Amino acid sequence: MAILYQTTNMADATLRVALVPRADADLLVHRVATPGLAHGDAHWFITRSRSDAISLVHFTSLGMAQLTVCFVASHGEAGWQKPRPHSIRL
């Protein structure tokens with residue numbers, strides 16, 4: 001389940017993410033409005049409460065990122081464009 005908290009401190013992050021154009025993204029992500037709609041790797045709920053989060057995400061430059069993502073407008077577009085790396089945990 002992808003309930004994420006955006007941290008401003010890279011050292012706190014469990015995942016470093018770069019925002020890229022759709023064609024370059026590993027993962028297409030759809031932001032959902034409630035935690036109950038967050039599921040799998042591609043449907044993210046970004047919470048304001050660190051204690052509610054499953055993962056801590058830091059948005060960073062491409063060179064520092066473990067994962068590249070592009071936010072998409074619809075549920076159906078979301079998903080992996082490249083094979084899911086084993087090291088990625090959301």
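Remarks
- Inside the range 33-59, residues that are among the β-branched types (Val, Ile, Thr) and closer than 21 Å to HIS86 by Cβ make up a count of 2.
- Any hit, the range 36-44, residues being modelled with pLDDT of 95 or more, farther than 18 Å from GLY76 by Cα and open to solvent by less than 40 Å² (accessible area, probe 1.4 Å): no
- Scan of the range 1-14 for residues that are open to solvent by less than 90 Å² (accessible area, probe 1.4 Å), more than 12 Å from the chain's Cα centre (by Cα) and β-branched (Val, Ile, Thr), ordered by number: THR7
- Any hit, the range 40-60, residues being assigned to a helix (DSSP H, G or I) and touching a His at 6+ places or on another chain (Cβ under 7 Å): no
- For the residues HIS30, HIS75, the requirement of being of a type outside the set (Ser, Thr, Tyr) and touching a helix residue (DSSP H, G or I) at 6+ places or on another chain (Cβ under 8 Å) singles out HIS30.
- Every condition in (1) more than 16 Å from ASP12 (Cβ to Cβ); (2) at pLDDT 95 or above holds for ILE88 except the one numbered (2).
- Enumeration of residues in the range 20-31 that are among the β-branched types (Val, Ile, Thr) and open to solvent by 20 Å² or more (accessible area, probe 1.4 Å): VAL20
- Number of the exception - VAL17 against (1) touching a His at 6+ places or on another chain (Cβ under 8 Å); (2) in contact (Cβ under 8 Å) with a residue 40 or more places away in the chain; (3) of a type in the set (A, V, I, L, M); (4) open to solvent by 60 Å² or more (accessible area, probe 1.4 Å): (4)
- Residue count for the range 61-90 under the criterion of being open to solvent by 40 Å² or more (accessible area, probe 1.4 Å) and either of a type in the set (Ser, Thr, Tyr) or part of a helix (DSSP H, G or I) (or both): the result is 9.
The values are calculated or read from the model by the stated rules, or taken from the named source; none is laboratory data. What you see is a predicted model, and the numbers here were worked out from it, not measured in a lab. We place every Cβ from the backbone using ideal geometry, glycine too, and count neighbours over all the protein chains shown. The area values use the complete protein model at the heavy-atom level, side chains included, leaving out ligands, DNA and RNA. Shrake-Rupley method; radii C 1.70, N 1.55, O 1.52, S 1.80 Å.
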